[in-house]
Amino acid sequence: MMAVRAVNGGSLFRSAASPPLLTFGCRFRQFSSLPFRRNSELGLRFPIFCCGNQFLGYGGGLSRSVHSIVDCVMEELTAWRSRRRIRATVKLTTSGELLEDKLVNQEIEKGLLLEFKKDSDRVLLGVAQRPDGKKNWMVYDQNGVTSSIKPQQITYIVPGVENFDHAEISKFLQKAQENLDPTLLEIAWVELLEKNASVTAEELAEMIFGSSEPLESYCAHLLLSKDEVYFTVLATKGSRTIYGPRPTVQVEELLHKKLAKDASEKELQDFVQLLVSAKAKAALAKPSKSSWMMDEKILYKIESLEAYAIDACKSDEQRKTAGMILKAMGLTKTASSALNLLINIGYFPVHVNLDLLKLNILTDHSDEIIAAAESLLSDSSDSDEMNREDLTHLKVYAIDVDEADELDDALSATKLQDGRMKIWIHVADPTRYVEPGSMVDREALRRGTSVFLPTGTYPMFPEKLAMEGMSLKQGELCNAVSVSVILHSDGSIAEYSVQNSIIKPTYMLTYESATELLHLNLEEEAELKILSEAAALRLKWRRQQGAIDTSTLEARIKVVNPEDLEPSINLYVENQADPAMRLVSEMMILCGEVVATFGSRNNIPLPYRGQPQSNIDVSAYSHLPEGPVRSSAIVRIMRAAEIDFRKPIRHGVLGLPGYVQFTSPIRRYLDLLAHYQVKAFLRGESPPFSAGQLEGMASIVNMQVRVVRKLSASSLRYWIIEFLRRQPREKKFRALILRFIKDRITALLLVEVGLQASAWVSIGSQVGDEVEVQVEEAHPRDDVLYLKEVLRN
């Protein structure tokens with residue numbers, strides 16, 4: 001039997017009777033560095049082989065007793081040809097002859113052995129059973145399935161077969177596979193290329209096997225039909241096909257492509273084995289995420305899967321790569337399959353935040369930005385030092401959620417001799433460190449806002465700068481911008497001032513602890529009581545000006561160790577009507593009104609916020625229970641907020657003639673812009689930005705803010721549903737009916753978790769009623785939550 005090996009486009013021939021190459025003391029060199037010589041007889045390139053410390057190559061002279069390897073090969077080929085002449089008596093068709101005679105189709109009869117296309121991916125072998133209509137035939141295939149096929153599905157009729165036993169199909173196929181040796185095609189290709197002749201499967205069988213019996217003919221057909229290098233289809237008619245040898249140059253090119261393809265397939269299989277191995281390991285033993293990034297080729301495949309999982313493939317090649325990996329793993333080509341695979345190998349945690357990846361939210365700061373931020377921290381100069389009012393004598397309360405990392409604002413209060421209340425809203429002063437247009441400022445503009453998620457916070461400024469430099473800290477001297485307000489007895493503003501200051505925060509309180517202190521009504525915390533009274537007075541005054549109360553219940557979640565399989569979930573429900581939350585909210589609104597008034601009187605371009613609500617008749621909702629139910633109904637018809645950068649516009653919902661967000665300059669870039677403008681005025685300088693420039697920057701920021709809000713909402717909802725998924729099936733939850741969606745399907749607010757959902761409720765229930773529900777199904781990844789009403793006796 002002849003055997004052939006292709007090496008970089010060259011051909012090495014060896015007969016079974018020939019001595020092995022190693023008897024010549026020869027060894028192959030690596031393909032990538034193997035030099036070639038061209039054989040003038042065939043027009044083929046042959047590799048140079050190394051014998052001992054010398055090289056052998058076609059045409060290369062050596063003072064040794066043996067011939068060059070190529071000469072040996074050529075001698076073997078000549079001898080093989082002479083031995084095969086007797087067998088190869090079949091007449092070959094040259095390019096100048098007609099091919100029609102070879103394209104005579106065999107009529108389909110019962111018992112014939114057929115190869116046919118089952119679908120685009122599968123070719124099967126079967127036995128013709130009986131006609132099915134005028135043209136179709138019923139076929140019993142190798143899998144034991146009988147089906148109807150069309151004539152055009154038939155790709156080959158095995159010759160010389162009558163009444164084939166379908167029970168023998170598998171054995172026939174096995175024998176055919178055992179006899180397949182693609183290297184035999186090289187020998188036939190050389191022979192046919194010299195003669196410029198075409199060949200059928202039967203003729204090829206005669207050439208390489210010495211027989212055109214059914215098995216040999218089918219083997220030859222398989223070799224030709226699967227070949228992608230040596231032969232090309234010249235003509236096809238029904239199940240008959242004629243092949244011709246490709247030109248030498250084309251074969252060399254295809255061989256190189258095949259080598260590259262084989263290497264790529266081997267690379268894919270190696271990667272698949274890595275995936276299979278990682279999947280099989282226990283959770284704690286899985287490879288780290290960083291280990292998948294050490295090899296460039298592995299990293300590309302992992303990144304392709306990641307991009308596929310979040311529907312963010314950058315190219316067709318990346319999408320194709322991911323699809324091939326999923327197919328090799330036996331998975332469907334879907335984003336969820338890619339996601340689950342990445343989770344199963346430990347690359348993604350079980351609760352990976354897909355929206356965080358999809359929305360391309362910036363999380364870490366670059367080394368360049370961090371270095372710039374640390375340089376700002378080391379600079380102790382303060383351009384406003386001489387103009388800062390010393391307010392360290394005031395008792396200062398900073399009230400925020402317990403997990404707050406950045407503290408932007410704090411409050412002070414006192415009662416004047418005439419009985420009026422004086423309030424201070426102290427706001428952190430990040431402009432002490434950051435100037436407009438600086439590197440750190442431009443990065444903050446790009447981010448637009450800090451991102452607060454249940455699993456972590458991604459600050460607008462580098463963490464060290466925000467925490468150590470800008471944030472207000474208990475018991476330490478802090479730079480601030482302080483807005484002071486004296487209130488009339490009806491809650492309106494009597495006097496105000498805006499100034500640079502130095503403060504020393506006294507207390508850092510959570511909303512819960514502040515509420516507790518208010519309830520205790522301690523004499524030593526009289527200032528906190530004044531703040532509460534001022535907040536109540538302001539709320540009453542704003543309602544008289546047409547303000548609309550939209551307070552509701554909101555969930556707040558803190559997830560500990562989010563990359564664990566079962567991370568700890570701490571859930572809190574905030575009632576926006578809570579005394580401490582009302583207090584802080586009213587003081588922030590008061591500050592916004594003062595800054596808007598200050599900007600208007602001094603012609604300072606600022607992001608003046610408004611919300612026209614002239615079309616809302618609040619009395620129409622007076623029949624609804626006050627709180628979440630009424631707020632939900634009103635919010636649904638509220639118009640979108642507007643911003644003017646030249647003058648204040650009425651904010652109907654807040655009941656104010658003008659409003660500027662000013663109290664979160666570490667977290668929100670538009671607040672920082674307001675600080676830049678106001679601080680410049682306090683120094684006696686022109687504002688750094690015109691109204692037009694502010695508008696341009698605000699459009700960039702607002703676009704990013706909308707993305708972050710979407711992310712925050714989806715992340716919060718995910719973890720609430722995960723929290724509900726973990727609860728006992730029999731647990732009952734209180735729910736307020738907010739509105740009817742359709743028939744008895746309602747929008748509900750789950751009181752204990754602060755989440756809106758939908759469920760069917762029984763007849764007789766009304767908007768505002770409280771019902772009990774149980775969780776039927778909860779799937780956070782699919783955003784699925786099914787609730788069922790618990791009917792009361």
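The values are calculated or read from the model by the stated rules, or taken from the named source; none is laboratory data. These figures come from a predicted structure and were not determined experimentally. Here the Cβ is made from the backbone with ideal geometry for all residues, glycine too, and neighbour counts use every protein chain on show. What goes into the accessible areas is simple: the full protein's heavy atoms, side chains included, and nothing from ligands, DNA or RNA. Shrake-Rupley method; radii C 1.70, N 1.55, O 1.52, S 1.80 Å.
Descriptive notes on the structure:
- Evaluated at q = 0.05, 0.08 Å⁻¹, the base-10 log of the normalised Debye intensity for the chain, with identical point scatterers placed on the Cα atoms, takes the values -0.51, -0.84.
- For the stretch 147-172 and the stretch 578-622, distance of Cα centres in Å: 83 Å
- One decimal place: the segment ARG729-ALA640 gains 28.0 nm when fully extended, by the rule 0.36 nm per residue minus the C-alpha distance.
- Fraction of accessible area attributable to carbon and sulfur, the chain (%, probe 1.4 Å): 49 percent
- For the chain, the antiparallel share of DSSP beta bridges with both residues in that region comes to about 95%.
- The distance linking the stretch 362-440 with the stretch 713-775 is 41 Å (Cα centroid to Cα centroid, whole angstrom).
- Computed on the stretch 367-711, the Cα convex hull volume stands at 154 Å³ per residue.
- Helix 214-226 and the long axis of the chain differ in direction by around 40°, with both axes built from C-alpha atoms.
- The stretch 217-292: trypsin sites (Lys or Arg not before Pro) in DSSP loop, at most 16 other beta carbons within 10 Å: LYS281
- The slack between ARG130 and ALA335, meaning 0.36 nm per residue of separation minus the straight C-alpha distance, is 69.3 nm.
- Rg/Rh for the stretch 727-789 (Cα atoms only, Rh after Kirkwood) is 0.94.
- Mean residue ellipticity (222 nm) of the chain, computed from DSSP H runs ≥ 4 via -39,500 (n - 2.57), nearest 500: -11000 deg cm²/dmol
- Cross-link pairs exceeding 19 Å in C-alpha to C-alpha distance, out of LYS422/LYS529; LYS279/LYS301; LYS732/LYS788; LYS171/LYS226; LYS261/LYS314, comprise LYS171/LYS226; LYS261/LYS314.
- Relative to the longest principal axis of the Cα atoms of the chain, helix 526-544 runs at roughly 80 degrees.
- The chain - accessible surface per residue (Å², probe 1.4 Å): 50 Å²
- Panel values: the stretch 189-298, Kirkwood radius from alpha carbon pairs, Stokes-Einstein at 10 °C and 1.306 mPa s, translational diffusion coefficient 91 µm²/s.
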